[in-house]
Amino acid sequence: MRLRIAHSTTYRYEPPASSVIQLIRMTPRSHDGQYVVNWQVFASTDTRMQMHHDAFGNITHVLTHGPIGELTINVDGLVETQDTSGVLRGTDERFPPGLFLRPTDLTEVDATMREMTDDLLPVRDDDVLGFLHALLAQIHDHMTFDVDPTHAGTSAADAFTLRRGVCQDYAHIFIACARAGGVPARFVSGHFLRSDGVVQQDAGHAWAEAYVPRLGWVGFDAANGISTTDAHVRVAVGLDYLGAAPVRGTRYGGGAEQLAVAVRVNQAGRQSQSQSQS
């Protein structure tokens, strides 16, 4: 499938900030099942962006500018995807899977999550994949998609208690429970072609990957209750959202900050309806 993606992030500062630094993780890499045909990242200022690879192998750009009252970061690209039933091959793996057992503040389990995880653990140690699919279904049934009650700093335990959240919260819960069950798991940021034809989205997408012995890394999209497919475009990975966020940064000076995000994901050559939640 050929997917066209456009992502715009705009910051407004009133009064203007004296300077800003932004770390941008918006550029996908090619691997088996995903080929980046073309991709560009550009800003509304004349500032040069420096490209690097972070510790996890994600392509990053660093932007600095100041003073500034408004900054827009745009990406636009075309990606060819194939359905691999969620199995990852050909990715840049810089750490052993065991690193992704490491807990973070956003992926700690509480007593209720641990009890659910223990109930799902397989009788046989060789049925890790079955455990992960059972966990995927359990989280999808437990949660309701809702953009209001959570934010970027909401932990997995808090979202699980609320029983509501966005794709980021679903991913954090899946990661936390998988790690509690002894399975390495990591956060993935990217994009998703919706099956209902809606192309205009309020944000990018997020899911998890877990490591299955003799199979490797496998993608699990708990928000949609599925393994990843050719509708997913994988951009960045991390221990949690903070390590894979599309844009993170800081500013010096200035007053109130406003943020606006617009994402468009559609199958190249097709027209779809617009306007709905991501």
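The values are calculated or read from the model by the stated rules, or taken from the named source; none is laboratory data. The shown structure was predicted, so the numbers you read here are calculated from the model rather than taken from an experiment. Positions of Cβ are generated from backbone atoms using ideal geometry, with glycine treated the same way; all protein chains shown enter the neighbour counts.
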Next item on the list: Kindly indicate whether any position in the stretch 74-85 is in contact with a Gly (Cβ under 8 Å, 6 or more places away or on another chain) and exposed (fewer than 13 other Cβ atoms within 10 Å of the Cβ).
Entry: yes
Check: Cβ-Cβ below 6 Å, separation at least six or inter-chain, first residue in the stretch 47-71 and outside any strand (DSSP E or B), second basic (K, R) and surrounded by fewer than 16 Cβ atoms within 10 Å (Cβ to Cβ): which pairs?
Finding: G57/R94
Next item on the list: Report, by residue number, each residue of the stretch 115-165 that is exposed (fewer than 14 other Cβ atoms within 10 Å of the Cβ), aliphatic (A, V, I, L, M) and without any contact (Cβ under 8 Å) to a residue 40 or more places away in the chain.
Entry: V123
Checklist line | Count - residues of the stretch 228-266 that are out of contact with any Ser or Thr (no Cβ under 6 Å at 6 or more places or on another chain), at pLDDT 95 or above and assigned to a strand (DSSP E or B) | finding: 8
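Matching residues to (1) on the phi < 0 side of the Ramachandran plot; (2) over 17 Å from the mean Cα position of the chain (by Cα); (3) modelled with pLDDT of 95 or more:
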{"residue": "Q50", "(1), (2), (3)": "yes, yes, no"}
{"residue": "D54", "(1), (2), (3)": "yes, no, yes"}
{"residue": "G57", "(1), (2), (3)": "no, no, yes"}
{"residue": "T60", "(1), (2), (3)": "yes, no, yes"}
{"residue": "T64", "(1), (2), (3)": "yes, yes, no"}
{"residue": "L71", "(1), (2), (3)": "yes, yes, no"}
{"residue": "V75", "(1), (2), (3)": "yes, no, yes"}
{"residue": "E80", "(1), (2), (3)": "yes, yes, yes"}
{"residue": "R89", "(1), (2), (3)": "yes, yes, yes"}
Notebook entry, point to check: Which of the following residues is buried (at least 21 other Cβ atoms within 10 Å of the Cβ), out of contact with any His (no Cβ under 9 Å at 6 or more places or on another chain), within 18 Å of M26 (Cβ to Cβ) and in contact (Cβ under 8 Å) with a residue 12 or more places away in the chain: V188, V237, V263, V247?
Noted result: V237
Note to self: Here's a check for you: in the stretch 191-214, which residue that is modelled with pLDDT under 95 and aliphatic (A, V, I, L, M) is surrounded by the most Cβ atoms within 10 Å (Cβ to Cβ)?
What the structure shows: V199
Check: In the list V109, V183, V198, which residue meets the criterion of being assigned by TED's automatic domain parsing to the domain that holds F220, more than 28 Å from A55 (Cβ to Cβ) and assigned to a loop (DSSP other than H, G, I, E, B)?
Finding: V198
Notebook entry, point to check: Taking the condition assigned by TED's automatic domain parsing to the domain that holds G253, at pLDDT 95 or above and of a type in the set (G, A, S), does G33 pass?
Noted result: yes
